[in-house]
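Below is one structure, written out as C-alpha cells; comments come after it.
The values are calculated or read from the model by the stated rules, or taken from the named source; none is laboratory data. Note that the structure is a prediction, hence the values are computed from the model and not measured. For neighbour counting, all protein chains shown are included, and Cβ atoms are generated from backbone atoms with ideal geometry for every residue, glycine included. The accessibility values were calculated without ligands, DNA or RNA, using every heavy atom of the protein model including side chains. Shrake-Rupley method; radii C 1.70, N 1.55, O 1.52, S 1.80 Å.
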Amino acid sequence: MSEPTPELLVVDDDADVRTSLERGLRLSGFAVRSAQDGPGALRAVHERVPDAVVLDLGLPGMDGVAVVSALRAMDHDVPVCVLSARDTVDDRVVGLEAGADDYMVKPFALTELVARLRALLRRGARAAPAPATALGEVIAVGPLRVDLARRTVHVGERAVDLTKREYELLVVLARNAEVVLTRERLLELVWGYDFATDTNVVDVFVGYVRRKLEADGTPRLVHTVRGVGFVLREGG
Amino acid sequence: MTRSPSLRLRVALASALSATVVVVLVGVLASALLAREQTERLDRSLVNGSPAVLGSFASTRADLAVTLRGPTGTVRRVSGPELPLSPIGIPTSVTVGGVDYRIRTAPGPTPGSLVTMGATEDDTRARVAERQRLVAGVGVAAIALAAGLGWLFAGRAVRPMRGLTAQAATLDRTPDTTPQIRADGSRESEELAEALSAMLARLHAEQERSTASLHAARDFAAAARHELRTPLTAMRTDLEVLRAHPDLPERDAVLDDVLRAQGRVEATLTALGQLAAGDLPDADGGDVVGVTDLLRLAAEDARRAHPALEVVVDDPDTCVPESVRGALEGLRMALANAVVNAVRHGRARCVRLGAHRGDGGGVVVTVDDDGTGLPVEEREAVLGRFVRGSTAGGPGSGLGLALVAQQAARHGGRVRLEEAPAGGLRVSLALGPDRAG
C-alpha cells in the first residue's frame with residue numbers, strides 16, 4: 001500500500017495544544033502543518049490545500065467561524081473539523097453552520113479525532129471524482145426537488161442554499177424517502193463514521209436542513225422518529 | 001379566603017353610624033322638648049276665670065271639662081265629667097273615665113269654692129306624635145344621606161388606593177426599568193406611593209446588582225472552564241500518544257509537555273482560588289505592613305522564583321509613609337505576579353522594586369522591568385480577567401495582572417501600567433491614602 005500520507009492543517013492559538021496535536025496526529029499517520037491564527041491558516045491553505053483542517057474556534061482576531069466561511073467562500077470543500085473549548089450549543093452550531101463538517105469539544109480523545117478525520121478523508125476521496133448519478137436525475141418528494149446533476153435543491157419554486165454536508169444529508173434522506181434512518185446509519189452514510197461515536201452532529205445538521213427547507217412556512221418534510229432516527233416524507 | 005369589607009363600605013357604614021348617633025340624640029331631645037312645650041301650652045290654656053264663663057266656654061268644647069266645688073266640697077256645677085281635686089295652682093295629669101286629662105284647680109269666685117278645669121291630652125299627644133314622626137323621618141333620611149355621601153366621598157378617597165393596587169399588579173411586567181408608583185389624591189396615598197417607590201427602587205437596584213454579579217459569575221465560570229480546557233486538551237493528547245507509543249524516542253519531551261500542561265492547570269486553579277479569596281471582604285482592617293519589609297519580601301520571592309533574574313530594591317524616599325494597613329500576603333502575591341509578568345511576557349532580565357509617595361498621599365509600590373513593554377492601547381485591557389496582551393510570551397493564565405488589580409482595589413487603590421525608566425513596563429500599585437500609617 002503506497003497511499004500518499006494525508007496532510008492536515010492544525011490551527012490553534014495555544015502553542016501547547018498545537019505541539020501536542022501536531023505530534024499526536026503525526027504519530028497517527030498524518031502529515032501535519034500548523035498555523036496559529038486565522039490569516040495564517042488561510043495563507044497555509046493558499047500555499048497548498050491540505051486534505052483536512054482541524055480548526056480551533058476560539059482564535060484571537062479572525063475566529064474559526066470566519067476561517068470556515070472564508071474557506072467555503074473560496075470554494076474549498078476540504079473537510080473541516082472544528083474544536084471548541086466552550087460547551088454551549090451556540091458555539092457548536094455556529095461553526096457547523098458556516099460550513100464545517102464536524103465538531104469536537106476540548107478536551108477530546110485523540111483516537112476519536114483520528115477516526116473521524118480518516119472517515120472524512122475516505123469519503124472526500126471517494127465522493128469527489130464520482131458524480132455517480134445519471135445526468136438529469138431528480139429526486140422529488142412533495143414540494144422538494146433535488147437535482148443531483150446540478151446539485152441544486154428547490155422547495156416549490158424557491159431555491160434552497162445548502163452547505164456541502166447539509167446537501168449530502170438531504171440527498172441520503174431523499175433517496176431513502178419513507179425509510180426511517182437511524183443516527184448511526186446517517187453518520188455512516190453522510191459522514192462515513194462506521195464506528196461507534198458519541199456525537200449529536202446528526203441532530204444539529206437535521207436542524208439546519210429543516211430550518212432552510214421550512215424557511216417560507218413549508219410543512220415539515222424531515223421528521224424525527226422518536227427513539228429511532230429521521231425520515232423524509234410528505235405529511236406527518 | 002374571606003376578604004374584609006372594602007374601605008369604601010366601611011367609610012359609608014361609619015358615616016351612617018355617626019349620623020344615627022347624632023339623629024337619635026337630637027331626636028330624643030327634640031321630642032322631649034316638643035312634649036314639654038305642648039304640655040306647657042296645654043297648661044296655659046287652663047286659665048283662671050269665672051265658673052260661668054268657663055262653664056259656657058267649656059260646654060262648647062268637648063275636650064274641656066269644668067268642675068266647681070263649694071266650700072263644703074259639694075260639686076256645684078259641672079261641665080263634662082267630674083274632675084278630681086288637685087293641688088291648687090299646679091297642673092296635674094289624671095285619668096277620668098279612661099280619658100287622660102290635664103287639670104288645674106284654682107280658687108273659685110266665692111270664698112271657699114274651688115274651680116277645677118281640665119283638658120283632654122289626646123290632641124296634644126297626637127300633635128306631639130305627629131311631630132316626632134316627622135323628626136324620625138328626617139332623621140332616617142339624614143342617616144341614609146350620610147351613608148350615601150360617605151360611600152360617594154370614600155369612593156373618591158380610595159381612588160388613589162385603587163390606582164396603587166392596579167400599578168402594583170402590573171409591576172412585574174416591566175422589570176427593565178425602575179418602577180415609579182404614583183397615587184396623587186391624598187397625602188397618605190402619596191406618602192405610601194413614595195415609600196413604595198423608594199422600596200421598589202431599592203429592590204430594583206439590589207436585583208440589578210445580583211443579576212450583574214450572576215452574569216459576571218457565569219461569564220467567569222465559562223472563561224475559567226475554557227481556560228482549563230486548553231491545557232487539558234494538550235495533556236490528554238500527550239497521554240494518549242504515550243499510551244499508543246510506549247517506545248517513543250521523544251518520550252521525555254512528551255512527558256515534559258504533560259508536566260507543563262499540568263503546571264498550567266495548577267497555576268490557573270491557584271490564580272482562581274486567589275481571585276475568589278480576594279473577592280472576599282477583609283474581616284479586620286488588615287495588618288500593619290512595613291513598606292521596606294514588603295519590598296524586601298517581594299524581592300526574596302522574586303529571586304527564589306526566578307534565579308536568573310536580577311532583582312534590585314530601591315530604598316523608599318523618606319517622605320513615604322513607613323507602613324500601610326493591608327493584607328501582607330495579598331500584597332506579596334500581587335508583587336510576585338507583577339514580577340512573573342515581567343519575566344514571562346516582558347522577557348525581562350532585571351526588575352527594580354521601589355516605593356514613592358502617591359499624589360493624594362498614600363504609597364505607590366512600583367515594579368519596573370527592562371523587558372519588551374506593552375503597547376499603550378493594551379495597558380488597560382490586560383488588567384481584565386483572562387485577557388492576555390498581544391506580546392504575551394509563554395503560556396499564562398491571563399489572570400496575573402488581574403490579581404494585581406484586584407489587590408489594589410482591595411487596598412483602596414488602583415494599578416497603572418506605564419513606561420518604565422529602563423524601557424520596559426512599570427506596574428504601579430497605588431494603595432489608598434487612608435491605608436497609610
Shielding by partners for B:237-247, please: the mean number of other protein chain Cβ atoms within 10 Å of each residue's Cβ. 5
Just to make sure I understand: if all protein chains stay in place, what is the order of A:Cys81, B:Cys319, B:Cys350 by accessible area at 1.4 Å, largest first? B:Cys319, B:Cys350, A:Cys81
Which values of log₁₀ I(q)/I(0), to two decimal places, follow from the Debye formula for chain B at q = 0.09, 0.11, 0.14 Å⁻¹ with a uniform point scatterer at every Cα? -0.83, -0.95, -1.21
Taking placed amide H atoms and a strict 5 Å upper bound, the residues 5 or more places from A:Met62 or on another chain that come that close are A:Gly38
What fraction of the DSSP beta bridges in the protein assembly as shown is antiparallel, stated in percent and rounded to the nearest 5? 75 percent
Note: A:10-22 gets an average of partner chain Cβ contacts (10 Å, Cβ to Cβ) equal to 5
Could you tell me the convex hull volume per residue, in Å³, taken over the Cα atoms of the stretch B:281-435? 102 Å³
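Rounded to the nearest 100 Å², what is the sum over both chains of accessible area buried where B meets A, with a probe of 1.4 Å?
Working: alone 25410 and 11830 Å², together 35280 Å².
Buried: approximately 2000 Å² between A and B.
Pairs of Cα atoms under 8 Å, at least six residues apart: use those to get the relative contact order of chain B, whole percent.
Details: 645 pairs, mean separation 44.7, N = 437.
Result for chain B is 10 percent.
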Accessible area, 1.4 Å probe, largest first: how do A:Arg233, B:Arg264, B:Arg352 sort? B:Arg352, A:Arg233, B:Arg264
What residues qualify as long-range amide H neighbours of A:Val80, i.e. H under 5 Å apart, gap of 5 or more or another chain, H built at 1.01 Å from N? A:Val53, A:Asp101, A:Asp102
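Could you order the peptides A:47-53, B:329-335 from most to least packed, using the average number of other C-beta atoms within 10 Å per residue? Can you show the working numbers first?
Numbers: A:47-53: 17.7, B:329-335: 22.1.
My ranking of the peptides, most packed first, is B:329-335, A:47-53.
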For residues of A:96-107, the mean tally of beta carbons on other chains within 10 Å: 2
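What full-extension length gain, to one decimal in nm, is calculated for B:Thr270 and B:Leu328 as 0.36 nm per residue of separation minus the Cα-Cα distance?
Working: separation 58, 0.36 × 58 = 20.88 nm, distance 1.77 nm.
The B:Thr270-B:Leu328 span can extend by a further 19.1 nm.
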For the pair A:Val138 and B:Asp314, the simple spin-label estimate (label points 7 Å beyond Cα toward Cβ) gives in nm 8.3 nm
Would you mind putting B:128-136, B:427-435 in packing order, based on average other-beta-carbon counts within 10 Å, highest first? B:427-435, B:128-136
With -39,500 (n - 2.57) per DSSP H segment of 4 or more residues and division by the full residue count of chain B, the 222 nm estimate, nearest 500 deg cm²/dmol, is -18500 deg cm²/dmol
Determine how large the accessible area of B:Val288 is when every protein chain is in place; take a 1.4 Å probe and give Å² rounded to the nearest 10. 110 Å²
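Hey, can you find the accessible area per residue of chain B for me, probe 1.4 Å, expressed in square angstrom?
Working: 24440 Å² over 437 residues.
Accessible surface, normalised per residue, equals 56 Å².
Rounded to a whole number of µm²/s, how large is the Stokes-Einstein D of the protein assembly as shown at 20 °C and 1.002 mPa s, given Rh as the Kirkwood radius over C-alpha pairs? It would help to have the intermediate numbers written out before the result.
Working: Rh = 35.9 Å.
The diffusion coefficient I find is 60 µm²/s.
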For the stretch B:144-157, take each phi angle, set θ = phi - 60°, evaluate the Karplus expression 6.51 cos²θ - 1.76 cosθ + 1.60, and give the result in whole Hz per residue in order, putting x for glycine and proline. 4, 5, 4, 4, x, 5, x, 4, 5, 5, 4, x, 5, 5
Using the alpha-carbon atoms, what tilt in degrees (0 to 90, nearest 10) does helix B:291-305 show relative to the longest principal axis of chain B? 50 degrees
So how exposed is B:Glu191, as accessible area in Å² (1.4 Å probe, rounded to 10)? 100 Å²
Here the stretch A:176-191 yields Karplus 3J(HN,Hα) values (6.51, -1.76, 1.60; θ = phi - 60°; whole Hz; Gly and Pro given as x) of 9, 3, 6, 9, 7, 10, 6, 4, 4, 5, 5, 4, 6, 6, 9, 9
Along the stretch B:133-140, Karplus-curve 3J(HN,Hα) (6.51, -1.76, 1.60; θ = phi - 60°) to the nearest Hz, with x for Gly and Pro, reads 4, 4, 4, 4, x, 4, x, 4
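What's the FRET efficiency of B:Arg125 with B:Val75 using the Cβ-Cβ distance as r and R₀ = 30 Å, to the nearest 0.05?
On the way: r = 28 Å, r/R0 = 0.92.
Approximately 0.60, to the nearest 0.05.
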If I take every Cα pair under 8 Å that is 6 or more residues apart in the stretch B:1-169, average their sequence separation and divide by the length, what percent do I get for the relative contact order? 30 percent
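Place the peptides A:67-73, B:210-216, A:195-201 in order of packing, highest mean first, counting for every residue the other Cβ atoms within 10 Å and averaging per peptide. Display every interim value, and only then the final one.
Numbers: A:67-73: 20.0, B:210-216: 10.6, A:195-201: 13.9.
So the order, starting with the most tightly packed, is A:67-73, A:195-201, B:210-216.
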